[in-house]
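Input: a single structure, listed below in structure tokens.
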Amino acid sequence: MDITELTVHELQEKIKNKELTIMQINEAYVNRIKEKEPEVQAFITELTEQGIEQAKQIQNRIDNGEKVGDLAGIPIGIKDIICTKGVKTTCASKMLEKFIAPYDATVMEKINAEEMIDLGKLNMDEFAMGGSTEYSYFKKTRNPWDLSRVPGGSSGGSAAAVSANMVPWALGTDTGGSIRQPAALCGVVGLKPTYGLVSRYGVVAFASSLDQVGVFTKDVQDCAILLNVIAGYDEKDTTSVDVGQKDYTKSLQKDIKGLKIGVPKEFYGEGINSEVKASLETAIAKYKEMGAEVEEFSLDIAKYALATYYIIACAEASSNLGRYDGIRYTYRAPEAKTLKEIYKKSRSEAFGAEVKRRIILGTYVLSSGYYDAYYKKAQQVRTLVMNEFNKAFEKYDVIVTPTSPTTAFKLGSKSNNPMEMYLADICTVSVNIAGLPGISVPCGVDSEGMPIGMQIIGNKFCEETIIKTAYAYEQETKFREKYKPTFKK
Amino acid sequence: MQVSREEILHIANLAQLELKEEEIDKYITNLQEILNFANIVNNAPIDGLDITIGANEAKNIFRKDEVKTFDNIEGLLQNAPAQDKHMFKIPKVLE
């Protein structure tokens, strides 16, 4: 038995039946990281030594007859945008290269309360700005299905690490698709919760009205289990919403008879790769077979939403990234003599090209003379996008689209063309604009064996519905039993 | 709208960024291209629509104004690029 192939619920079962110990599980994962990290390059900071120490302690307590929690000793990987006390949190930027978080993010407190073992901080695009993880200051993560391709982004390290079995699951963040798109490109499950369901406290801010923490897992059941851990109101995040504690594993039901699925035709048109489209059509036919009521409808917002996304996200980023001033916890340009020079030189030397590009765009659209033409219009389009989704959810329980217009592309093929990289987000950004939950589940592979993802969008705080929709499909089609990453060179 | 060299330098200055010569041309091209695309918002049917600033209902969240201590001072200061006597050190601000 290859331990690292197992899902977390399978690990839990085997721990319970005394077939596996916490030590065996963690040693297996640490060995797997040793073996695969040189190829995949998913980690910015490995915490394998500390992880083994933690596992020993938990194992000792179990051996002494102490009862521990259901998730105690289960490994996890954390996107390097989430603050982890005493551990470097770099956001994949030279700006925060040496930053050691002095406190834990709320989601980390929750992970630690379960006594899960953080095996490392995972690679990403710098400040989560990108769709390929190529904009990391430190390294380029590879797609485990084909090492010459990108894992997607910005949470590419998280997606690749789960896909390559280097961690059983991971946390990521999603501002415009940064969980769902890499999950699709790496053949794993990725969930972005409703805006406000999970606390953003201690998560480095990119675009505060869009950012949300979510999960990468091997299957939908694990996704529900991990969402149970991280969801919940937090007084330290005034945008978090109190919807009470729910048990998302109760949504793991196979019966979807009568479920109303809306298929927005604009998300299957121009720019969507024909193999991706064909795979989605097969998945939709499967839903019909399973008793869902499927209807095509018009949701003509994708192109407006993408433009609006880049205006709003960059505007918020230009403001949020103002805090990186070289004074308190960031890179400081060594040759800077005056305060003004510290600001300018530190920022100019430590931000990468994409981050500067977005700060410039954001500053431009907020500057006097252009505010009304761009920023205000984008905020009105945001209302339009929300209205259109509201109308759709009067008729449908879920909306199904491709997660990404293409499968994983080659490293270097888009990194010098910002507009082309931005278009990779066309299917995912509107979900963030409207603050909705979305899940990506694998639904097939293309002719080159690269995974394809299906995005299931739900109404606000209706995670149960999208989890059920995803679970029913997964149980019927069993993607993980048919396809595995090949680490093709 | 055409982005000029002066404009990009003005924007960079507002954002506290110093651009190298080769960056200036690159960012003019990038910004122009992105703005051309972003102009699509002008074609959206948004007449009469209010603006939205956040995903959820905008309302004030109040809490008691209570002092809470944060005791990991060493943890904060260890990240300072320059410090002296438990203070962040910066160059002289007033001449």
Exercise. Looking only at residues in the range A:41-57 that are in a helix (DSSP H, G or I) and β-branched (Val, Ile, Thr), which one is surrounded by the fewest Cβ atoms within 10 Å (Cβ to Cβ)?
Worked result: A:52
For this session: Give, as residue ranges, the helices (runs of 4 or more DSSP H) completely inside the range A:377-436 that count at least 1 residues that are open to solvent by 10 Å² or more (accessible area, probe 1.4 Å).
Result: A:377-395, A:418-423
For this session: Mind listing whichever residues of the range B:57-93 are open to solvent by less than 100 Å² (accessible area, probe 1.4 Å) and under 20 Å from residue A:340 (Cα atoms)?
Result: B:80, B:81, B:82, B:83, B:88, B:90, B:91, B:93
Seminar exercise, completed: Residue set A:234, A:242, A:174; condition within 14 Å of chain B (Cβ to nearest Cβ), crowded, with 24+ Cβ neighbours inside 10 Å and charged (D, E, K, R); output residue A:174
Exercise. List, please: which pairs have Cβ atoms under 6 Å, are six or more places apart or on different chains, and start with a residue in the range A:148-164 that is of a type in the set (Lys, Arg) and end with one that is surrounded by 24 or more Cβ atoms within 10 Å (Cβ to Cβ)?
Worked result: A:149/A:143; A:149/A:408
Seminar exercise, completed: Selection over the range B:12-29 where residues are facing chain A (nearest Cβ under 7 Å) and either closer than 12 Å to residue A:359 by Cα or in contact with a Phe, Trp or Tyr (Cβ under 6 Å, 6 or more places away or on another chain) (or both) yields a count of 6
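Matching residues to (1) without any contact (Cβ under 8 Å) to a residue 60 or more places away in the chain; (2) polar (S, T, N, Q); (3) buried (at least 21 other Cβ atoms within 10 Å of the Cβ):
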site	(1), (2), (3)
A:13	yes, no, no
A:20	yes, no, no
A:35	yes, no, no
A:39	no, no, no
A:59	yes, yes, no
For this session: Test each condition in (1) free of Cβ contacts under 8 Å to residues at least 40 places away in the same chain; (2) surrounded by 21 or more Cβ atoms within 10 Å (Cβ to Cβ); (3) not acidic (Asp, Glu) for residue A:358 and report the one that comes out false.
Result: (1)
Problem set entry | Selection within the range A:169-196 - within 8 Å of the chain's Cα centre (by Cα) and of a type in the set (Gly, Ala, Ser) | A:172, A:177, A:178, A:183, A:190
Exercise. From the set of residues in the range A:379-388 that are under 24 Å from the mean Cα position of the chain (by Cα) and not basic (Lys, Arg), which is farthest from the other protein chains (Cβ to nearest Cβ)?
Worked result: A:385
For this session: With the condition kept exactly as written, say whether any residue in the range A:336-349 is touching a residue at least 24 places away in the same chain (Cβ under 8 Å) and open to solvent by 20 Å² or more (accessible area, probe 1.4 Å).
Result: yes
Exercise. Do we have any residue at all in the range A:105-115 that's within 30 Å of residue B:71 (Cα to Cα), hydroxyl-bearing (Ser, Thr, Tyr) and within 13 Å of another protein chain (Cβ to nearest Cβ)?
Worked result: no
Exercise. So which residues in the range B:48-76 are closer than 20 Å to residue A:85 by Cβ and either in contact with a helix residue (DSSP H, G or I) (Cβ under 9 Å, 6 or more places away or on another chain) or more than 9 Å from chain A (Cβ to nearest Cβ) (or both)?
Worked result: B:68, B:69, B:70, B:71
For this session: Could you pull out every one of the helices (runs of 4 or more DSSP H) wholly within chain B that has 2 or more residues that are touching a strand residue (DSSP E or B) at 6+ places or on another chain (Cβ under 9 Å) and either over 24 Å from residue A:330 (Cβ atoms) or without any contact (Cβ under 8 Å) to a residue 12 or more places away in the chain (or both)?
Result: B:73-77
Exercise. Considering A:69, A:77, which residue is touching a residue at least 40 places away in the same chain (Cβ under 8 Å), closer than 23 Å to residue A:226 by Cα and surrounded by fewer than 18 Cβ atoms within 10 Å (Cβ to Cβ)?
Worked result: A:69
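The values are calculated or read from the model by the stated rules, or taken from the named source; none is laboratory data. Keep in mind that what you see is a predicted model, and the values were worked out from it rather than measured. Positions of Cβ are backbone-derived with ideal geometry, glycine not excepted, and every protein chain shown enters the neighbour counts. Keep in mind that these areas ignore ligands, DNA and RNA; they rest on the heavy atoms of the full protein, side chains included. Shrake-Rupley method; radii C 1.70, N 1.55, O 1.52, S 1.80 Å.
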